[in-house]
Structures are given as C-alpha cells and as structure tokens.
Amino acid sequence: MSDESQTAETSLESGEPTAAPAPETTPAEAAAPDPVKVLEAEVADLKEKLLRSLAEMENLRRRTEKEVRDARDYAITGFARDLLSVGDNLARAVEAVPAGDRQTADAVLKGLIDGVDLTGRDLIKTLEKHGVKKLEPLGLRFDPNVHQAMFEIPNAEAASGTVLQVLQDGYVIGERVLRPALVGVSKGGPRPAASLDKSV
C-alpha cells in the first residue's frame, strides 16, 4: 500500500473528519479576467468605432455637398470658355467698321452692325446670368491671378504695375478664372505703397 492510501485508511479508522482536499487552481483560471471588465472594454471599443464611423460619414457628406455645389457652379466652364471666343469675334466684327463709316452707312449696313453689336451684348448678358463675370482691370493694380501681362508701357505718371491697356477681356466663373485678361502694365512710375503687414 502506498503512504497516501495508508493515511486515508488511518484517518477513516480513527473516525476523525478529514478536510476536503483544496481544489487545485490552474494558472489559466487564476489569470482569467473579470467578465464585467471584458464587456466594458468591448463596449468602449465599439463606442469608439461608432463615433469614428459617424465622423467619417459626416466628412463624406460635407465633401459630397461641396462636390455637388462645385459641379453645379462650374458645370458650364468649358462651354462658357468656348463661347467667349464667339463674343470676341462679334466685338471684332463691330470694331472692324470705322466709327465714321457707321454713321454714314446705309440702313442695311447700319442694321447689320447694330444686330451684331446687340448679339454680342446679349451673349455677355447670358453668360453673366450663369455666373460668368467680365473683369474690368483698367486702372487697377496688376494681379497675376487674373491678369496676364503682355507688355510694359513706360509711364512716369502711373504707379508701376498699374494696368494701362486691356488687349483682351478676362472672365471669371464663381471664384475661378475662366480666362485671364491680357493687359499692358505701366513701368517706371512711382512704386506702389508697400503692404503694412510684414508677417509672412
């Protein structure tokens, strides 16, 4: 007989109550996390994922609204750009007839000139109705964002960098440049006042 079985027999024979053997705990059971804490961590993780998803959806909604707004505002950009050359050609046709000849022209020619002029003005009004605006740079400071300098004009009276001549009108649609104005800029005059804001 083994020692353990002998001890068990002697304790039974003596009638003394024996203590139940202590249950053995495995390392896995000892390190088992609290189920409440596990569920709280899961809830926190899911809540964070939900908040991130909601934020992402809100950003997507804003981006989509901006894209739709831009598509609506700038949908006619290509078409309007093509029509600008038609308006330019109509203006050139009217300018090709000297002012003196317009006054002395017979009724048919005068009617033709007036019709071409009215058509050109109506085209510009229609473009303006759809958000295309004509730039009026004459006398303003040169802005490389909306003007394209073609040449410099020596002029000691005008401030250097002032638009003195417009060769071709410029147009914008919304905040975008449809076509820059082709301009002649003054050179040699007094420098424009420097900006007071030196922080760059």
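Among the residues of the stretch 76-83, are any outside any helix (DSSP H, G or I) and surrounded by 10 or more Cβ atoms within 10 Å (Cβ to Cβ)? Even if it seems obvious, please write down each step before you answer.
The first filter runs over the stretch 76-83 and keeps only residues outside any helix (DSSP H, G or I), leaving 76.
Filter once more, so that each one left must be surrounded by 10 or more Cβ atoms within 10 Å (Cβ to Cβ): 76.
The answer is yes; a qualifying residue exists.
Can you pull out the strands (runs of 3 or more DSSP E) entirely within the stretch 121-177 that have at least 1 residues that are among the acidic types (Asp, Glu)?
Working: elements: 132-134, 147-154, 163-168, 171-173.
Where strands (runs of 3 or more DSSP E) fall fully within the stretch 121-177 and carry at least 1 residues being among the acidic types (Asp, Glu), they are 147-154.
Which condition from (1) more than 25 Å from residue 185 (Cα to Cα); (2) outside any helix (DSSP H, G or I); (3) not hydroxyl-bearing (Ser, Thr, Tyr) is the one that residue 111 breaks?
The number of the failed condition is (2).
Limited to the stretch 151-167, what total is found for residues that are in contact with a strand residue (DSSP E or B) (Cβ under 6 Å, 6 or more places away or on another chain) and either surrounded by fewer than 14 Cβ atoms within 10 Å (Cβ to Cβ) or of a type in the set (Val, Ile, Thr) (or both)?
Of the residues in that region, 7 qualify.
Is the stretch 101-124 home to any residue that is under 30 Å from residue 70 (Cα atoms) and within 28 Å of the chain's Cα centre (by Cα)?
Applying the first criterion (under 30 Å from residue 70 (Cα atoms)) to the stretch 101-124 yields 119-124.
Those still in the list that are within 28 Å of the chain's Cα centre (by Cα) too: 124.
Looking through the stretch 101-124, at least one residue is under 30 Å from residue 70 (Cα atoms) and within 28 Å of the chain's Cα centre (by Cα).
Residue-by-condition table, conditions (1) modelled with pLDDT of 85 or more; (2) among the hydroxyl-bearing types (Ser, Thr, Tyr); (3) in the same structural domain as residue 179 (by TED's automatic domain parsing); (4) under 30 Å from residue 131 (Cα atoms):
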| residue | (1), (2), (3), (4) |
| --- | --- |
| 18 | no, yes, no, no |
| 23 | no, no, no, no |
| 32 | no, no, no, no |
| 38 | yes, no, no, no |
| 44 | yes, no, no, no |
| 64 | yes, yes, no, yes |
| 68 | yes, no, no, yes |
| 98 | yes, no, no, no |
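Out of everything in the stretch 125-159 that is in contact (Cβ under 8 Å) with a residue 12 or more places away in the chain and touching an Asp or Glu at 6+ places or on another chain (Cβ under 9 Å), what residue ends up being farthest from residue 81 (Cα to Cα)? Walk me through how you get there before you give the answer.
Residues of the stretch 125-159 that are in contact (Cβ under 8 Å) with a residue 12 or more places away in the chain, as a first pass: 127, 130-135, 137-142, 145-159.
Now drop any that are not touching an Asp or Glu at 6+ places or on another chain (Cβ under 9 Å), which leaves 131, 134-135, 137.
Numbers: 131: 12, 134: 12, 135: 14, 137: 19 Å.
Per the stated criteria, the residue is 137.
The values are calculated or read from the model by the stated rules, or taken from the named source; none is laboratory data. Note that this is a predicted model, so its numbers are computed, not measured. No Cβ is skipped: glycine too gets one built from the backbone with ideal geometry, and neighbour counts run over all protein chains shown.
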